[in-house]
Amino acid sequence: MTYQEVNTMISGIAGTTIPYAYNEFPDGTDQAPPFICFMFDDPSDDLMADNGNYVSIRPLTIELYTDNKDFVLEGNIETALKGAGLAFTRSENYITGERMYQINYNPEVVING
């Protein structure tokens with residue numbers, strides 16, 4: 001995948017009704033749930049060969065924030081990840097102070113440019 005293909009995948013999940021941003025939304029643009037943030041995490045997990053980075057592998061985090069459990073939206077994210085051929089782990093937190101759920105998906109993405 002390319003970085004643009006990852007962005008397109010997230011855009012497809014969000015559709016036209018769910019705001020999404022890389023890492024965070026700009027200051028002063030408070031978002032009402034549901035919304036999605038995604039980012040490539042450190043460290044990379046590149047495969048090395050012949051004294052160089054042979055394959056670029058980037059850990060990706062997709063965070064879904066909702067006021068209420070949204071099994072359909074979670075299923076859409078999982079379907080998109082599986083459709084892209086990405087294995088992932090999933091975790092869930094309830095943020096008491098914000099009264100919202102945070103669902104994290106963590107695939108690793110092989111970057112092709």
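I'm trying to understand the selection: among the residues of the stretch 85-113, which are among the hydrophobic types (A, V, I, L, M, F, W, C) and surrounded by 15 or more Cβ atoms within 10 Å (Cβ to Cβ)? Reasoning before the result, please.
Keep residues of the stretch 85-113 that are among the hydrophobic types (A, V, I, L, M, F, W, C), which gives 86-88, 95, 100, 103, 109-111.
Of everything in the stretch 85-113, those that are among the hydrophobic types (A, V, I, L, M, F, W, C) and surrounded by 15 or more Cβ atoms within 10 Å (Cβ to Cβ) turn out to be LEU86, PHE88, MET100, ILE103, VAL109, ILE111.
Would you check if there is a residue in the stretch 76-99 being touching a strand residue (DSSP E or B) at 6+ places or on another chain (Cβ under 6 Å), at pLDDT below 95 and among the charged types (D, E, K, R)?
No: the stretch 76-99 contains no residue that is touching a strand residue (DSSP E or B) at 6+ places or on another chain (Cβ under 6 Å), at pLDDT below 95 and among the charged types (D, E, K, R).
I need a count of the residues in the stretch 1-52 that are part of a helix (DSSP H, G or I) and either buried (at least 16 other Cβ atoms within 10 Å of the Cβ) or among the charged types (D, E, K, R) (or both).
In the first step, residues of the stretch 1-52 are kept if they are part of a helix (DSSP H, G or I); the result is 3-14.
Cutting the leftovers down to either buried (at least 16 other Cβ atoms within 10 Å of the Cβ) or among the charged types (D, E, K, R) (or both) gives us 5-6, 9-10, 13-14.
Matching residues across the stretch 1-52 total 6.
If you go through the stretch 59-71, how many residues are closer than 22 Å to ASP41 by Cα and open to solvent by 10 Å² or more (accessible area, probe 1.4 Å)?
4
Out of (1) in contact (Cβ under 8 Å) with a residue 60 or more places away in the chain; (2) surrounded by 15 or more Cβ atoms within 10 Å (Cβ to Cβ); (3) in a helix (DSSP H, G or I), the odd one out for GLU74 is which?
Of the numbered conditions (1) in contact (Cβ under 8 Å) with a residue 60 or more places away in the chain; (2) surrounded by 15 or more Cβ atoms within 10 Å (Cβ to Cβ); (3) in a helix (DSSP H, G or I), the odd one out for GLU74 is (1).
From THR66, THR61, which residue is modelled with pLDDT of 95 or more and touching a helix residue (DSSP H, G or I) at 6+ places or on another chain (Cβ under 9 Å)?
Details: THR61 fails: touching a helix residue (DSSP H, G or I) at 6+ places or on another chain (Cβ under 9 Å).
On inspection, the qualifying residue turns out to be THR66.
The values are calculated or read from the model by the stated rules, or taken from the named source; none is laboratory data. Not measured: the values here are computed from a predicted model. For neighbour counting, all protein chains shown are included, and Cβ atoms are generated from backbone atoms with ideal geometry for every residue, glycine included. Each accessible area value is taken on the protein alone, full model and side chains, heavy atoms only, with ligands, DNA and RNA left out. Shrake-Rupley method; radii C 1.70, N 1.55, O 1.52, S 1.80 Å.
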